[in-house]
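Participant: Could you have a look at this structure, given as structure tokens, before my questions?
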Amino acid sequence: FFFFNDTATTEIYTEQIVGSVRCVQETALCALASITIHRLFASLLLYDMVWRNPVLIFVIQSVWRPKKTMGMTFILFLIAIIIYATLAYYLYFEDVHGYCDTLWVCMVRFMDQSFKQNAGIGSYIDVLDGTYQEKNPEDKGGVALFGETQNTPEIRWGRVLYDFTSFFIPVVIIIQIVTGVIADTFEVLRNEEEERTNDMNNVCYICGFDRDFIQEKMRNQEGFITHVKEDHYLWHYFFYIAYIEVKDKTEYTGHESYIAECLQTNSLAWFPINKGISLGTVEEECDKDPAVVLQDLQKTLDEVDKKIEHVQKTIEEAEERKERTNNKLQLSLIHI
């Protein structure tokens, strides 16, 4: 599938063609497995809707591409859970007794309940004597943040700080990090897709010149369309490559032998990159010495500076004439 120039077009079409073939293969395998093994495999056929929807593909890629960052974030979450489970086991064992008989069980339960509780780990370990006690709205005191006596509640500042930080650090911060990573990756994917789409719509697949350059050289607003449909028509090259592939090698002409050799080595030497007959002197301009190009550019800038100076002088002269005219008018009014 290496039949374009070195722009993003080669990658785009190769991914689309190879991806379509793989999609058909995977669909056939899932259908066969659902018939021969278990019907559960039939549900996997719904993923075909995902691969056919570019937005859903972006969503999946936005999670999969930053897999290293997501993995490190998960490790950070595990570290925070281990720390808070250890603190709860050794400092607030009376609150977690029955749920955390061992430190290992405590870590597993905290990991499981961190995102299931509305208030984080603190709401999960709000227990006494190993049984969960629902708070009565009429009670003035609590069972975990306050002492056991309801008449004279005593605030347990350690538990207050523990519950706040255990909710803020492992839950709120981690969720924000994951959300930010996914959002940034989605934006990057969208920008890449826009660049690829712009490359497909505004750059010639063969020579690599963009729309503005071609239209400027051909002096026609439809020059780019004419160029990509007639001069460098993509499918002409595709069919020519297919013709080379199916033709008997013993019947190759000199040019065909050269192109066949380039195709075998994935060389683009036979492509008219940065060249075009209808573009006039494009090739000559591309082959100019950089020093000569800089000299021409400097000359152009000098000419522009001269024109700007001339315009400034013209404006100054016009202002002087305006002042003289105003002075004459004032004198005329005074005499009147």
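Participant: When both residues are 6+ apart or on different chains and their Cβ atoms are under 6 Å apart, which pairs have a first residue that lies in the range 203-216 and is in contact (Cβ under 8 Å) with a residue 40 or more places away in the chain, and a second that is part of a helix (DSSP H, G or I) and of a type in the set (S, T, Y)?
Facilitator: From residues that are in contact (Cβ under 8 Å) with a residue 40 or more places away in the chain, the pairs are Y205/T9.
Participant: Okay, next question. Any idea which residue in the range 246-268 is surrounded by the most Cβ atoms within 10 Å (Cβ to Cβ), counting only those that are aliphatic (A, V, I, L, M) and under 18 Å from I206 (Cβ atoms)?
Facilitator: Filtering first and then ranking leaves I259.
Participant: Limited to the range 73-96, what total is found for residues that are in contact (Cβ under 8 Å) with a residue 60 or more places away in the chain and assigned to a helix (DSSP H, G or I)?
Facilitator: Residues in the range 73-96 being in contact (Cβ under 8 Å) with a residue 60 or more places away in the chain and assigned to a helix (DSSP H, G or I): 10 in total.
Here is a yes/no grid of residues against (1) of a type in the set (V, I, T); (2) over 33 Å from the mean Cα position of the chain (by Cα):
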| position | (1), (2) |
| --- | --- |
| F209 | no, no |
| Q215 | no, no |
| G223 | no, no |
| Y237 | no, no |
| Y243 | no, yes |
| T250 | yes, yes |
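Participant: How many residues are open to solvent by 30 Å² or more (accessible area, probe 1.4 Å) and farther than 16 Å from T165 by Cα if we restrict to the range 90-123?
Facilitator: So the answer is 16.
Participant: Still on this structure, I have one more. Considering each residue of the range 219-239, count those that are in a helix (DSSP H, G or I) and either hydroxyl-bearing (S, T, Y) or more than 20 Å from L279 (Cα to Cα) (or both), and give that number.
Facilitator: 5
Participant: Sticking with this one: Restricting to helices (runs of 4 or more DSSP H) lying wholly in the range 156-218: which have 2 or more residues that are within 30 Å of H232 (Cα to Cα) and open to solvent by less than 60 Å² (accessible area, probe 1.4 Å)?
Facilitator: Qualifying helices (runs of 4 or more DSSP H): 174-202, 211-218.
Participant: I need a count of the residues in the range 57-88 that are in contact with a helix residue (DSSP H, G or I) (Cβ under 8 Å, 6 or more places away or on another chain) and more than 16 Å from L161 (Cα to Cα).
Facilitator: Of the residues in that region, 16 qualify.
Participant: Can you find a residue that is at pLDDT below 80, open to solvent by 40 Å² or more (accessible area, probe 1.4 Å) and closer than 30 Å to T197 by Cα anywhere in the range 67-74?
Facilitator: Keep residues of the range 67-74 that are at pLDDT below 80, which gives none.
No, that holds for no residue.
Participant: Sticking with this structure for a sec: Condition first: modelled with pLDDT under 80, closer than 30 Å to Y205 by Cα and among the polar types (S, T, N, Q). Now tell me which residues in the range 14-63 satisfy that.
Facilitator: Matches in the range 14-63: T14, Q16, S20, Q25, N53.
Participant: Going through the range 37-66 one residue at a time, which ones are of a type outside the set (S, T, Y) and open to solvent by 90 Å² or more (accessible area, probe 1.4 Å)?
Facilitator: I37, H38, R39, L40, L46, M49, W51, R52, W64, R65
The values are calculated or read from the model by the stated rules, or taken from the named source; none is laboratory data. Computed from a predicted structure; not experimentally measured. Positions of Cβ are backbone-derived with ideal geometry, glycine not excepted, and every protein chain shown enters the neighbour counts. SASA here: full protein model, heavy atoms, side chains in, ligands and nucleic acids out. Shrake-Rupley method; radii C 1.70, N 1.55, O 1.52, S 1.80 Å.
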